[in-house]
1. Cross-link candidates for LYS101: which aspartates and glutamates have Cα within less than 16 Å, leaving aside residues fewer than 8 places away along the same chain?
2. With springs only between Cα atoms under 10 Å, which of PRO52, PRO114, PRO38 fluctuates most in a Gaussian network model of the chain?
3. Show which aspartates and glutamates lie in cross-link reach of LYS14 when reach means a straight Cα distance below 18 angstrom and same-chain residues fewer than eight apart are skipped.
4. I need HIS93, HIS37 ordered by Cβ neighbour count within 10 Å, fewest first.
5. Among SER39, SER55, SER15, which one shows the highest mean-square fluctuation when the chain is modelled as a Gaussian network with alpha-carbon springs under 10 Å?
6. Could you work out the helix-only [θ] at 222 nm for the chain, with each DSSP H run of four or more residues adding -39,500 (n - 2.57) and the total divided by the number of residues, to the nearest 500 deg cm²/dmol?
7. Which value, in Å³ per residue, describes the convex hull spanned by the Cα atoms of the chain?
8. Once you mark the chymotrypsin sites (Phe, Trp or Tyr not before Pro) that are in a DSSP loop and have at most 13 other Cβ atoms within 10 Å, what is the longest gap between them in the chain?
Amino acid sequence: MKSDNIDTFIQECKSRGLNITYPRMAIYKILLQYKGHPSAEDIYKQVQKDHPNISLATVYKTLEMLVDNDLVAKVTPLHDIVRYDCNKDFHHHLVCIKCKKITDIENDALNHLPIPENIDKNFKIINYRVQFDGICKECQRA
């Protein structure tokens, strides 16, 4: 699900029986506006500008609830900080190993990679993501 507007988010919440709360709306709006894949702390800093009563704990709890209800994806590309993504469409990532910036890649060829034959037949693959690690343009310049 790529929920690129707040109306779609509200419909998705209602279809899951979730209340439309002030913190959920504020946090999701930040996710929609954010360029990239923010951490909970990044979201908290942004939400505090307009909603100083929302705590960091509320941001964490809300994000986990959104992840548990498949409204937001948790992006954890082998780093110690969890990032979040409201783009739930199947896509892959470029990850800068210096600044940890994550960039989406939507490429149909990557969506149809063959499963290697040497994978254990007792392991049922239900999904996969491709991640390319490298150094972004900004970090290359620095």
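1. GLU41, ASP42, ASP80, ASP85, ASP133, GLU138
2. PRO114
3. The qualifying aspartates and glutamates are ASP4, GLU64, ASP68, ASP70.
4. The order, fewest Cβ neighbours first, is HIS93, HIS37.
5. Fluctuation is largest for SER15.
6. When only DSSP H runs of four or more count, the value is -10500 deg cm²/dmol.
7. Each residue corresponds to 151 Å³ of Cα convex hull volume.
8. Value returned for the longest uninterrupted segment is 1-89.
Laboratory data are not the source of any read-out in this text; all were calculated from the coordinates shown. Treat the numbers as computed from the prediction; the structure is a model and nothing was measured. Please note: Cβ atoms are built from the backbone with ideal geometry, for glycine as well, and neighbour counts cover all protein chains shown.
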